Each structure stands twice: as C-alpha cells, then as structure tokens.
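Student: What follows is a structure written as structure tokens; I'll ask about it next.
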Amino acid sequence: QHNPHWWGNRNTIVHLFEWKWSDIAQECESFLGPRGFAGVQVSPVNENIIAAGRPWWERYQPISYKLTTRSGNEEEFGDMVRRCNDVGVRIYVDVLLNHMSGDFDGVAVGTAGTEAEPRKKSFPGIPYTAQDFHPTCEITDWNDRFQVQQCELVGLKDLDQSSDWVRSKLIEFLDHLIELGVAGFRVDAAKHMASEDLEYIYSSLSNLNIDHGFPHNSRPFIFQEVIDHGHETVSRDEYKDLGAVTEFRFSEEIGNAFRGNNALKWLQSWGTGWGFLPSGQALTFVDNHDNQRDAGAVLNYKSPRQYKMATAFHLAYPYGISRVMSSFAFDDHDTPPPQDAQERIISPEFDEDGACVNGWICEHRWRQIYAMVGFKNAVRDTEITGWWDNGDNQISFCRGNKGFLAFNNNLYDLSQDLDTCLPAGTYCDVISGSLIDGSCTGKSVTVNDNGYGYIHIGSDDFDGVLALHVDAKV
Ligand code: QV4
C-alpha cells in the first residue's frame, strides 16, 4: 500500500497542520490545485479530549471515532474531501490506532460532547472497556520490544490491536474515512504496534471509493510513523513492506547539511547511499510537526534561508515520497494553533503576495517552496545528471534536460559558467522571482547551444539557491 494515488504529474504532499476543513477545501481550489500539489495530510479527524489552553497535541488523545474536532464536523470533512478530489488534490488522514487518551481527572468530555473516563479505560462512545487495552506500564527502555509495543506511550491508554473487537472498531473507523473519499492514512505511533496486527488491519480495509475518481481495486496509501535512527530493536524494516515509512534520518541529515555541519558536496550520493529506505518506501520531509519543535539539527521555518535551501534540495533530488510542512507560529511545545477568545481555530488570512499573516506560517505559500513543487512536477521522470561541486558547499546538478539547480552555502560567491543541460534559451530563476506574462521578476539565465549558462549566487543573496526548468522559459 505504497501508492499515494496522485493525479497526473503531481508529486508533493503538504501537511496543513491544524487547519480547518473548510479552509483546506478553499485552499485546494484556490492554491493547491492550481500550483500542482498532489495531496494534503490533515490533522486527526476524530473526537479528542479537551486539554487546558487547547495545545495542538490534544488531538493525539482520542475519545471516540465521531468526526468532530476543532477542524470541523463530518459534513465539513466530507465536503472538503470531495472538493479537493475534484481539483486533483488527495487527502490523507493522520490516524491514531495505537491508543486513546491519557489520564484525565474525572469524566472527560470530548470535542463532540462524548463522555469518557480515561483513568478507568472506559470509552463508551466506541465502546472500549479496560479489557480492550494492554495493562498499564511505562516505557522506560526504548529497546525493549514489549515495553515499546505494549506499555503506554506518554501515558496514553494502549489499545490491544490483537483483539478482534479492537481490530473491528479500527477497521470500521478507517473504512468510514475511505467511504468519504480519502486516499490514505498517516499511521501515528506505528512503531508502538506490532507489525502483524497492522498488517491484518491494513489488508482488511476497503478499496478506495470509485465515486471519488479512484480506479477500481485501489488500495489505501499507508505511511507509518516509525522513528528509527538505526540500531533500534523495533526497526523501520518491520513496517516498510506494509506501507511507506517516515524516514527520520532524511530529516536529520538534510538539516545537518544545510546548517553547514556537513559539506553539500556529500549530497551527491543522497538517498539509499546514506542508509535511507528504498525511495518508494520512504516518506520524506525536512521537518515534521514533532521534530520542528525540538532543538537539534532539524531545520524549521525559524531559519528561513537554510530551510528554503533544504526544501529546494528535498524537492529537486529524486528520492522518496515528499511531504512539505505547513506550520503555525510557536514559541514552545504547547503553543496552540491560532485561535480566538472562544478557543475556536481561526482561518488563515493572506497578504497581497498570498503569504499568511495571522499566526499561520504557511511555508507552502512561500514562493521558493511552491515554485519547487512546480519544479518537481516539471522534471518528473528524469534522473540526476551533470553533478558539479566546488569540493565544499557549492553544488549544482541537472534533472535530465528539463531542470537545473545550484546551491551556494559557502561564505563567498558562486559565479561561473555551469552546465545546465537545458536547451538553449533564457530561463527564469523560479527562486528569486517568477515568470509573469512572459517576463521574469527575478534572475534570468541565458543558456547557450552547449547547455552552459552563467550562474551567480552571491553569498549575501536573499536565497542561496537558483532553480531553472523548462516550464519557466522566458
Ligand atoms: C505526561 C507525562 C508522561 C506521563 C503522562 C501520564 O509527560 O510522562 O506518563 O503525563 O500522566 C501530552 C503531553 C505529555 C503528557 C501526555 C499525556 O505533552 O506531557 O504526558 O500528553 O497526558 C503528541 C505530543 C505529546 C502529547 C501527545 C498526546 O507530542 O507531547 O503528550 O501528543 O497528546 C515517540 C514515539 C512517536 C511520537 C513521539 C512524540 O515513538 O510515535 O514520541 N510521535 C507521535 C505523534 C506525536 C504524538 C504522539 C505520537 C502520540 O507524531 O505528535 O504526541 O499520539 O518518538
């Protein structure tokens, strides 16, 4: 279940973290479809507990499978899926199969009004009772399979996926979403579930809904959250044949490289050469909603220059199933999404350039990022050719004769003739500007009959990357 069921030449998934369904529907029609995005990962859709201050992570504590959250209700969800599918943008849902909520004093009331007593492992909205869960224990040794898979991840009540009842409820929930037209799932905390149980669940799911334009017998796309830095007892290899797996080593290494901890010239062997999963099994990203909040090598929107370069490399290098993060501004781990005084999530607002202004970061609306989504579509089915580097932090490469990329992460200028592999002509650098009505608002590069062009990326240029492709010829 590794096929994401993308439309036409599309290539990139965006995670619209904490967005409301009605806003996503609108975004599919007005921005994502026209810009060639392939799909959206949406936040969890089923009812969750209400935590004080409304941190984003309350949505990782389910109390029923009713489709009502702060992002909207079932009707709004269904409307979004239909409208996005209509413009060729697929929806993937973040699903919590591992656990229910953690402890809560007294009776918890969820976002759909359902009551539960998590301390007693009583979730009448499903219903689940204590016998549907593993006995309570704490994960203290992350290399102990029993603890990782049968104890409670941060105290979240741990479902027993080997039980017929639990399996049937999870399958019913996922099938309901398939009926509504989704293309697949991000499986949260997959590492904390036995792969045999997941295999049973995935293989029991319905085919995708043909009324939403999926071919007959299409299987739901699955990508599993398994954090594997190498040498882990529970490894990515146990899951990779069931569906794609999040490749966290990609995120860490691309952060290292563009932070300057590792020379860019080494990226020539990027991909399996770095010990990553085979391309078709790897869900790749510069940052995700968890690791963007951790200190460390991983880049996020707070280092925009490096972040844009890393994203350009991510989308230009043909490896993995690409996902772009779209964040809201945060100070710490618990910062809630943009919300009003009644704690309702607010809709993103845009300035005249289309950038988000009211607490939403919307990396996917940064020109340098959506332009690379277009680049990836334009160079589809080509290989890396013509790799060049200066032995350090200046690199360039071609994607067949359809696209060309150059990066400068040194503290001195990159100024020289380089082989772009492109047909002769003048091309618009889609990083520093855009091609509008036949003229380029940024740098232009003239390519001669030999495919060479003069490339300049100053060390103090606004962006340290330059990108040319055949769909942006002046
Ligand atoms: C607290 C204590 C615990 C204690 C517990 C019980 O910290 O030690 O056992 O109380 O009383 C929130 C709080 C957390 C609290 C917990 C339970 O932050 O402090 O535990 O609730 O009340 C998200 C957030 C978590 C959040 C959780 C549930 O990141 O902070 O916990 O949602 O709301 C590993 C896993 C990997 C996981 C990653 C974070 O292998 O699978 O940790 N990633 C996924 C999601 C992530 C999500 C979860 C899993 C859980 O990507 O966003 O956690 O669904 O690497």
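Student: What net charge do the residues around GLY36 carry, taking every other residue with its C-beta under 11 Å from that of GLY36, with Lys and Arg at +1 and Asp and Glu at -1?
Tutor: Numbers: positive: ARG10, ARG35, LYS376, ARG380; negative: ASP471.
Charge balance near GLY36 sits at +3.
Student: By the gyration tensor of its Cα atoms, with a ≥ b ≥ c the square roots of the eigenvalues, what is the shape of region 367-451: rounded for a/c under 1.5, prolate for a/b over b/c, or oblate?
Tutor: Rounded, since a/c falls under 1.5.
Student: Further question on the same structure: In square angstrom, what is the accessible area per residue of region 33-87 with a 1.4 angstrom probe?
Tutor: Ligands and nucleic acids excluded, the result is 30 Å² per residue.
Student: Over region 56-200, with every protein chain in place, what whole percent of the accessible area is carbon and sulfur at 1.4 Å, could you tell me?
Tutor: The C+S portion of the solvent-accessible surface of region 56-200 is 49 percent.
Student: What does the extension gain come out to for GLU196 and ASP381, with contour length at 0.36 nm per residue minus their alpha carbon separation?
Tutor: Working: separation 185, 0.36 × 185 = 66.60 nm, distance 3.46 nm.
Length gained between GLU196 and ASP381: 63.1 nm.
Student: Just to be sure I understand the model, the point goes 7 Å from the Cα along the line to the Cβ. What's the resulting ASP86 to ARG259 distance in nm?
Tutor: Here the modelled spin labels are 4.5 nm apart.
Student: Now a separate question. Mind checking the per residue accessible area of region 228-317 for me, 1.4 Å probe, whole number of Å²?
Tutor: I get 33 Å² per residue for region 228-317.
Student: For region 356-474, what is the accessible area per residue in Å² when the probe is 1.4 Å?
Tutor: Computed with neighbouring chains in place, this is 40 Å² per residue.
Student: Using a basic spin-label model with each label point 7 Å from the Cα along Cα→Cβ, how many nm lie between THR233 and ASP460?
Tutor: For the pair THR233/ASP460, the computed spacing is 5.5 nm.
Student: Something else: Work out the P(r) tail for region 14-150: percent of alpha carbon pairs separated by more than 18 Å, whole number.
Tutor: Every Cα pair in region 14-150 considered, those over 18 Å come to 59 percent.
Student: Something else: How much of the DSSP beta bridge set in the chain is antiparallel, as a percent to the nearest 5?
Tutor: Taking every DSSP beta bridge within the chain, about 60 percent pair in antiparallel fashion.
Student: Put GLU238, GLU58, GLU383 in order of accessible area, largest first, 1.4 Å probe: what do you get?
Tutor: The most accessible residue leads, giving GLU383, GLU238, GLU58.
Student: Got a number for the accessible area of ASP164? Probe 1.4 Å, square angstrom, nearest 10.
Tutor: It works out to around 120 Å².
Student: Right, next: Output the Cα-based Rg and Dmax of the chain in Å, rounding Rg to one decimal and Dmax to a whole number.
Tutor: Spelled out, the Cα radius of gyration and Dmax of the chain are 22.8, 75 Å.
Student: What is region 329-373 by shape, rounded, prolate or oblate, if you read a ≥ b ≥ c off the alpha carbon gyration tensor as root eigenvalues and call it rounded for a/c under 1.5, prolate for a/b larger than b/c, and oblate otherwise?
Tutor: Verdict is oblate for region 329-373.
Student: What is the percent carbon and sulfur in the accessible area of region 392-474, measuring with a 1.4 Å probe over the protein chains and ignoring ligands?
Tutor: Ligands and nucleic acids excluded, carbon and sulfur reach 47 percent.
Student: Another question about this same structure. Where in the chain are the DSSP H helices whose alpha-carbon span along the long axis reaches 20 Å or more and whose Kyte-Doolittle mean is at least 1.0?
Tutor: Sorted by number, there is nothing, because no helix extends far enough and scores high enough.
Student: Rounded to the nearest percent, how much of the accessible area of region 228-326 (1.4 Å probe, protein heavy atoms only) is carbon and sulfur?
Tutor: 46
Student: A further question follows. Step by step: find N for region 224-338, compute 2.2 N^0.38 Å, then divide the Cα radius of gyration by it. What's the final number?
Tutor: 1.05
The values are calculated or read from the model by the stated rules, or taken from the named source; none is laboratory data. For clarity, every value in this text was computed on a predicted model and none was experimentally measured. Quick reminder, even Gly has a Cβ in these numbers, built from the backbone with ideal geometry, and neighbours come from all protein chains shown. Remember, those area values only see protein heavy atoms, side chains included, never the ligands or the DNA or RNA. Shrake-Rupley method; radii C 1.70, N 1.55, O 1.52, S 1.80 Å.
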